Every structure is written in C-alpha cells, then in structure tokens.
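Q: My questions will all concern the structure given below.
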Amino acid sequence: MKTIWKYFKDYHTSLKHPIWLYLIITLFLGLLTWFNYTYKLEKWLDRLKPDYLPYVGHFIMFSVIYWLIVWLCVQFKVIDNVLKNRSFILKSFFMLTILTLDVCFHFHKDFIRANFEFKNRFYLYKVVGQMTSALTAILPLFIYYWWKEKHDQTLYGFKASARKIGQYVPLVLLMIPLIAAASFHESFSNFYPIFKENQHFLDWSVQTRATVFEIFYGLDFITTEFMFRGFMVLGFTYYLGPRAVLPMVGLYVALHYGKPAGETIGSFFGGYILGVLAYQSKNIWGGILAHVGIAWLMELFAWLQKMWD
C-alpha cells in the first residue's frame, strides 16, 4: 500500500493541477452522465437503425468527450498543442475507432441465432460477448503495436512484471464495504449478477455455467485495462505525458453508460486512480487485479442478495 500511495503522491506533487481544468472536466462529465441517465442516451444509441448508426452515434459521443478534454488541456497549457500533430490525430482516430467497434460489435449474436436453439442463446450471448474483445480490441492493438511501436518494450504495460501486484489487494479490500452497501440498492440488484441462473446452455449444470461465465467475465477486464490504462494512458504518454489520464477517464465513464448510475460515478474515480497508478508504475497488472477482483466481488454480493431474498 505504501508503494501505491507513493505513486499517487508523486503524480500530484510533481505536476501543476489547475483546479479549473479539473472542475470543468468534472462538470462536463457530470452533465453528460445526468443527460444519459435522464434521457436514456446509451439505449437510444444502441437502438438506432439501420445497424451502422449505433457505430456512428457512439463514435461521435466518444469523439466529443475525448477531443473536448484534450482541447481543455491545450487551453490550460498543461500539454503542447497536439491538435496540430498529425500523428497524434491519426492515432487518436484509430483508438476511437477501436473503442467504438468493441462497444458496438454484435455480429456474434447473428451467428448464435442462426446456429443454436432459443433456450441456449442468452447464455451464449453473454459468454461469447466477453470473448469478442479479443477480436475487436486486442488483435487490432497488437497489430498496431508490432507495426508502429515495437520500441515500447512493455507493450503498453502488458509485458511489465506482475510480481508486485499483491500491493493492489488493499484497494480491492477497501471496496468490500462499498460494494456491500451498493448491493442493497435496487439499480444494483436489477443489473447484477451478470450471470443468470435461468439462462441455460445444453445440459450444463448451473455450477458449470457459472464457472465458465465468470472466468470469461474476468478475462474481459484484461482487455479493458489493456485498452484504457495501457493503450490510452501509456500508449499516449509520448504526446500527452501524465495528462493522458484525463481523456481516458472521460471515455471510461462513457463506457459505463448503461450500467447502474452509481457504478458510472464510481468509474470516474476508479478510472482516475487506476490511470495514475498505471502511468506511474508503467504497469497494468495491478489494475487488472483490482478490476477483476472488484467485478467478481460485485457478482458475489449480488448473488448473496439473491440468496437472502
């Protein structure tokens, strides 16, 4: 825990942090989040027709968030004017495209509908949905890395040592009372657990279905950390320096639209903390441990609530 505190302290003592920059970003994300949950923005984007429009809508939303925060950082002179940097703009466009593809990808559902009975589909939608990021995010990012950035010996923090990730365990333990309290809220219990016992697959027992689902559910967070704390923070440090954390946080909040509002608000703080730690340590494995641990704890507490009821 001392190392984590040192990372956090060093990040905030070695830089100037204009209070108005942080307040404006917070106000902007707060208003956008309020708009999303008041007017169901995320659900509206998902239901747009024809099928390509959800991609367009999400790309526009992500772009507005990203470029506004970058522009604010330029205006407050905490970064160079990267808006005139062609390579930064192209790399940002690539990142926003991959994020949009990963969020909106749905073609696995068409395959499942065509090849599996109705009773088996909903379980497969969720399990396969956890696996599609390997195709939509991990593969393109690896290709980009080998094509453009092999000089980065850590592969955006992925190749860094995982030996010291135990120091992140206290972060997970600190979340237990918060998750326990949240589990009593209706919006939490309506959304979690993600695994549903009534979604069957072949003749698998509920224990087998739960185990398989939770394994892939946990693995999906490796993709999340690789994308957000790895590529968006460590991959953009060359252009944005330590400020790469700020636009990442904005996109990370938007990623949670559609989940309970409390979780989305928590993603603002969680994304910032994990972003700072990734930047300081040049390592994403601690974030992976924390993220997977918290996700499984949310599943556990939601399941306990169901058992209690």
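Q: Among the residues that make up region 90-110, is at least one of them of a type in the set (Lys, Arg), assigned to a helix (DSSP H, G or I) and modelled with pLDDT of 95 or more? So that I can check it myself, show each step before the final result.
A: Of all residues in region 90-110, those of a type in the set (Lys, Arg) come to 91, 109.
Those left that are additionally assigned to a helix (DSSP H, G or I): 91, 109.
Of the ones still in play, those that are also modelled with pLDDT of 95 or more are 91.
For region 90-110, residues of a type in the set (Lys, Arg), assigned to a helix (DSSP H, G or I) and modelled with pLDDT of 95 or more: present.
Q: May I pose another question? Quick check on this structure: which one of Lys119, Lys126 is more than 23 Å from the chain's Cα centre (by Cα), in contact (Cβ under 8 Å) with a residue 12 or more places away in the chain and part of a helix (DSSP H, G or I)? If you could, list the steps in order and put the result at the bottom.
A: Working: Lys126 fails: more than 23 Å from the chain's Cα centre (by Cα).
Sole residue among the options that is more than 23 Å from the chain's Cα centre (by Cα), in contact (Cβ under 8 Å) with a residue 12 or more places away in the chain and part of a helix (DSSP H, G or I): Lys119.
Q: Scan region 1-23 for residues that are closer than 29 Å to Asn283 by Cα, at pLDDT 95 or above and among the hydrophobic types (A, V, I, L, M, F, W, C) and jot them down.
A: If the condition is that a residue be closer than 29 Å to Asn283 by Cα, at pLDDT 95 or above and among the hydrophobic types (A, V, I, L, M, F, W, C), then Ile19, Leu21, Leu23 are the ones that fit.
Q: Considering region 156-195 alone, what residues qualify as being outside any helix (DSSP H, G or I) and free of Cβ contacts under 8 Å to residues at least 40 places away in the same chain?
A: Taking region 156-195 as the starting set, the residues that turn out to be outside any helix (DSSP H, G or I) are 156-164, 183-185, 192-195.
Residues satisfying the conditions are Lys159, Arg163.
Q: Of all residues in region 13-59, count the ones that are out of contact with any Phe, Trp or Tyr (no Cβ under 7 Å at 6 or more places or on another chain), part of a helix (DSSP H, G or I) and either loosely packed, with under 12 Cβ neighbours inside 10 Å or not aliphatic (A, V, I, L, M) (or both). Write out each step before concluding.
A: Kept after step one, since they are out of contact with any Phe, Trp or Tyr (no Cβ under 7 Å at 6 or more places or on another chain), are these residues of region 13-59: 13-17, 19-20, 22-28, 30-35, 37-40, 43-59.
Adding the requirement that they be part of a helix (DSSP H, G or I) leaves 13, 19-20, 22-28, 30-35, 37-39, 43-46, 53-59.
Applying the additional criterion that residues be either loosely packed, with under 12 Cβ neighbours inside 10 Å or not aliphatic (A, V, I, L, M) (or both) yields 13, 19-20, 22-23, 26-28, 30-31, 33-35, 37-39, 43-44, 46, 54-55, 57-59.
Adding up the residues that qualify gives 24.
Q: Between a first residue in region 239-254 that is under 12 Å from Phe28 (Cβ atoms) and a second residue that is surrounded by fewer than 23 Cβ atoms within 10 Å (Cβ to Cβ) and of a type in the set (Ser, Thr, Tyr), which pairs have beta carbons less than 6 Å apart while being 6 or more apart in sequence or on different chains?
A: Partner pairs satisfying both residue conditions: Pro247/Tyr66; Val249/Tyr272; Val253/Ser267.
Q: Do we find that Tyr66 is over 24 Å from Leu135 (Cβ atoms) and of a type outside the set (A, V, I, L, M) in this structure? Please lay out each step first, then the result.
A: Numbers: over 24 Å from Leu135 (Cβ atoms): no; of a type outside the set (A, V, I, L, M): yes.
In short, no.
Q: So, one more: So which residues in region 265-293 are of a type outside the set (Gly, Ala, Ser), crowded, with 21+ Cβ neighbours inside 10 Å and in contact (Cβ under 8 Å) with a residue 60 or more places away in the chain, if there are any at all?
A: If the condition is that a residue be of a type outside the set (Gly, Ala, Ser), crowded, with 21+ Cβ neighbours inside 10 Å and in contact (Cβ under 8 Å) with a residue 60 or more places away in the chain, then Val276, Leu277, Tyr279, Asn283, Ile284, Trp285, Ile288, His291 are the ones that fit.
Q: Look through region 234-262, keep the residues that are surrounded by fewer than 19 Cβ atoms within 10 Å (Cβ to Cβ) and of a type outside the set (A, V, I, L, M), and return whichever of them is nearest to Thr100 (Cα to Cα).
A: Gly258
Q: I'm trying to understand the selection: among the residues of region 2-58, which are in contact with a Ser or Thr (Cβ under 9 Å, 6 or more places away or on another chain) and of a type in the set (Ser, Thr, Tyr)?
A: Passing the criteria: Thr3, Tyr7, Thr33, Tyr37, Tyr55.
Q: How many residues does region 266-309 contain that are over 30 Å from Asp10 (Cα atoms) and not in a helix (DSSP H, G or I)?
A: 1
The values are calculated or read from the model by the stated rules, or taken from the named source; none is laboratory data. Just so we're clear, the structure is a prediction, and the values are computed from it rather than from any experiment. Every residue, glycine as well, gets a Cβ built from its backbone with ideal geometry; the counts of neighbours run over all protein chains shown.
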